[in-house]
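Asker: Got a structure for you, questions after.
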Amino acid sequence: MHKRIFTAKRNIHLLHQRMKTASHFVYQGGMFTADREMVAYTNALTESCCIEDLNGTPIWIEDIEDFKHKVISKHQEVMNELHEEYKKHTQ
């Protein structure tokens with residue numbers, strides 16, 4: 001019983017790590033992650049601005065609406081996959 005619980009928790013932890021990596025994307029030469037914080041941050045933006053990427057490089061985002069769309073789409077894609085995989089490990 002304990003081994004099964006340990007295995008399930010380990011698999012869920014590995015799943016979260018995999019999804020964190022899957023949320024990375026490249027935009028205008030910068031590497032970003034489509035996590036909750038980036039979704040909230042980009043929703044607050046209304047005009048072109050500079051955003052620091054995962055490597056600490058400042059990237060000028062000219063078309064903020066296109067960037068928002070990319071962030072939200074990637075985030076939703078990863079969350080849908082996480083949901084489906086999570087169900088497999090918890091049933």
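The values are calculated or read from the model by the stated rules, or taken from the named source; none is laboratory data. Here the structure is a predicted model, which is why all the values come from computation and not from measurement. Heads up, the Cβs are rebuilt from the backbone with ideal geometry, glycines too, and the neighbour counts pull from every protein chain shown.
Asker: From the list 21, 46, which one is hydroxyl-bearing (Ser, Thr, Tyr), closer than 30 Å to residue 5 by Cα and surrounded by fewer than 12 Cβ atoms within 10 Å (Cβ to Cβ)?
Answerer: Checking each option against the conditions leaves just 21.
Residues checked against (1) in a strand (DSSP E or B); (2) closer than 20 Å to residue 84 by Cβ; (3) at pLDDT 85 or above:
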| residue | (1), (2), (3) |
| --- | --- |
| 13 | no, yes, no |
| 21 | no, yes, no |
| 31 | yes, no, yes |
| 47 | no, no, yes |
| 51 | yes, no, yes |
| 59 | yes, no, yes |
| 65 | no, no, yes |
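Asker: Considering every residue within segment 33-40, establish whether at least one is within 22 Å of residue 85 (Cα to Cα) and part of a strand (DSSP E or B).
Answerer: Scanning segment 33-40, I find at least one residue that is within 22 Å of residue 85 (Cα to Cα) and part of a strand (DSSP E or B), so the answer is yes.
Asker: On to the next question. Can you list residue pairs whose Cβ atoms sit under 9 Å apart, with the first residue in segment 67-84 being in contact (Cβ under 8 Å) with a residue 60 or more places away in the chain and the second being of a type in the set (Gly, Ala, Ser) and part of a helix (DSSP H, G or I)? Count only pairs 6 or more apart in sequence or on different chains.
Answerer: 81/22; 82/22
Asker: Anything in segment 67-91 that is under 30 Å from residue 7 (Cα atoms) and either outside any helix (DSSP H, G or I) or among the small types (Gly, Ala, Ser) (or both)? List them, or say none.
Answerer: Matches in segment 67-91: 91 only.
Asker: Right, next: How many residues does segment 34-45 contain that are closer than 12 Å to residue 73 by Cα and of a type in the set (Val, Ile, Thr)?
Answerer: 1
Asker: To continue, here is another question. For segment 29-43, which residues satisfy the criterion of being touching a residue at least 24 places away in the same chain (Cβ under 8 Å), under 17 Å from the mean Cα position of the chain (by Cα) and exposed (fewer than 15 other Cβ atoms within 10 Å of the Cβ)?
Answerer: 31, 36, 43
Asker: In segment 55-70, which residues are more than 13 Å from residue 28 (Cβ to Cβ) and surrounded by 13 or more Cβ atoms within 10 Å (Cβ to Cβ)?
Answerer: 68
Asker: Restricting attention to segment 50-91, and to residues there that are out of contact with any strand residue (DSSP E or B) (no Cβ under 6 Å at 6 or more places or on another chain) and hydrophobic (A, V, I, L, M, F, W, C), which single residue is nearest to residue 14 (Cα to Cα)?
Answerer: 82
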